[in-house]
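Report on one structure; see the data block that follows.
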Amino acid sequence: MIDKPKGKIEHFIEDAMKWFHELADEFKEIFDAGKEEARAHRNAHPRIARAASATVMLCACGLIIVGFATPKTVIVKIDDSRKVSTTVYETTSTRVDSFIENHGIDFVYGQDIINAELYDGITDEMTISIIKAYDVTVKADGEETTFRTLPATAGDVIEELGITLGDMDIAEPDLNEPVRDGDVITVKRVTKELVTEEVRTDYKVVYQADSSLVIGETKVAQKGRTGIEKKTYEITRVDGKKTEKKLIESEVIKKKRDKIISYGTKILSGKPAGLKYKEKFTHVRAVSYYFGGNPVGAYGLPCEYGTCAVDKDLIPLGSLLYIEGYGYAIANDVGSAIKGKTVDLYMEKFSQCVIWGARWTTVYVIE
């Protein structure tokens, strides 16, 4: 690249060259006149001496002017934190400051770093390195600040802004990480606190078979009790927002106790003394069954222990029955496979179905 025309140095060189030509013309006149006078006069030597001195001065000035006028190669490297660009210039500038001005070099005095003094002279094959200042953004404590810096780490910038970090605070990127133009440094305030809570645990209902109880009978073998436990947690918050809840300590205040219900598995025999009934069916096939959930029979009652399914053409729905081995039951449901002298007996547990299975019994219709 060549200097732009008509700069300060260019004007100086033009004036110097003009003066050089005028001096050369004067020297020629003096030299020619000196030769003529030397022939005519014996004392011509002083004028010739003056001509010789003028020759020496002319040559010296010529060398100086030629030195100024000859372009020099200058290599400029600019580091903007994200890349280093290299540009080669051909210049007749004599000093660093004029070179920067003449070529529009991207350099800001008082902000950027340069490896030369501005008043240094330009030499051929000279390398000028410039490190640019750049902007980074810092987000901390709900505020956002733009900061101009020279090459630095995140920690350097935070310190320069007077931001104090606590032992648990987090800086992103890491404090030792160099930052570049346009980077964002985020400071996260971290706090921890201990919180104690009482946690209640509901008891479970557990069923257990009891052969001393008749099928259909139940009793509470153990009352249930809700458990109480005191738990201490460490709560971590980042910028006020809860990010972690860690259990530190646990203490049982009241131990949980499950409720135990015993249900009968003993099969009855015969019928109650003095039982009054309207109709009696012997050799009835009784099959046990069990449904999960909350089924409702065709008669409208929930399917539970004490209800059964019948052939409604034989036994009307809603009839109160006594079934030997099972006990009292209401005719509550029907089924496509239930025909004639067949009943399905609802059980509370599948284990009762296993015990009862399918057997022959006698059914009394009470009402």
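S93 - would you say it is part of a loop (DSSP other than H, G, I, E, B), in contact with a Phe, Trp or Tyr (Cβ under 8 Å, 6 or more places away or on another chain), open to solvent by less than 80 Å² (accessible area, probe 1.4 Å) and on the phi < 0 side of the Ramachandran plot?
Considered against the rule, which asks whether it is part of a loop (DSSP other than H, G, I, E, B), in contact with a Phe, Trp or Tyr (Cβ under 8 Å, 6 or more places away or on another chain), open to solvent by less than 80 Å² (accessible area, probe 1.4 Å) and on the phi < 0 side of the Ramachandran plot, S93 comes out as yes.
Kindly provide the set of residues from the stretch 282-312 that are open to solvent by less than 60 Å² (accessible area, probe 1.4 Å), in contact with a Ser or Thr (Cβ under 7 Å, 6 or more places away or on another chain) and closer than 17 Å to Y364 by Cβ, ordered by number.
If the condition is that a residue be open to solvent by less than 60 Å² (accessible area, probe 1.4 Å), in contact with a Ser or Thr (Cβ under 7 Å, 6 or more places away or on another chain) and closer than 17 Å to Y364 by Cβ, then V284, A286, D311 are the ones that fit.
I'm told R189 meets every condition in (1) in contact with a Lys or Arg (Cβ under 8 Å, 6 or more places away or on another chain); (2) surrounded by 13 or more Cβ atoms within 10 Å (Cβ to Cβ) except one. Can you identify the failing condition by its number?
R189 satisfies every listed condition except (1).
Pairs only if they're at least six apart or on different chains, beta carbon under 7 angstrom, first in the stretch 326-355 and within 21 Å of Y207 (Cβ to Cβ) and aromatic (F, W, Y), second open to solvent by 70 Å² or more (accessible area, probe 1.4 Å) and part of a strand (DSSP E or B); list them, first residue then second.
Listed pairs, sorted by first residue: none to list.
In the stretch 313-367, how many are outside any strand (DSSP E or B), of a type outside the set (D, E, K, R) and open to solvent by 40 Å² or more (accessible area, probe 1.4 Å)?
The total comes to 10.
Do you know which of the residues in the stretch 175-209 that are among the acidic types (D, E) and closer than 18 Å to D135 by Cα is nearest to the chain's Cα centre (by Cα)?
Once the filter is applied, the top-ranked residue is D183.
Please tell me if G270 is open to solvent by 60 Å² or more (accessible area, probe 1.4 Å), at pLDDT below 90 and at positive phi.
Spelling it out, it is not the case that G270 is open to solvent by 60 Å² or more (accessible area, probe 1.4 Å), at pLDDT below 90 and at positive phi.
Does Y277 fit the bill of being open to solvent by less than 90 Å² (accessible area, probe 1.4 Å), touching a residue at least 40 places away in the same chain (Cβ under 8 Å), under 30 Å from G335 (Cα atoms) and among the aromatic types (F, W, Y)?
no
The values are calculated or read from the model by the stated rules, or taken from the named source; none is laboratory data. Quantities reported herein were computed from a predicted structural model and do not represent experimental measurements. Cβ coordinates were reconstructed from backbone atoms using ideal geometry, including for glycine residues, and neighbour counts include every protein chain displayed. What goes into the accessible areas is simple: the full protein's heavy atoms, side chains included, and nothing from ligands, DNA or RNA. Shrake-Rupley method; radii C 1.70, N 1.55, O 1.52, S 1.80 Å.
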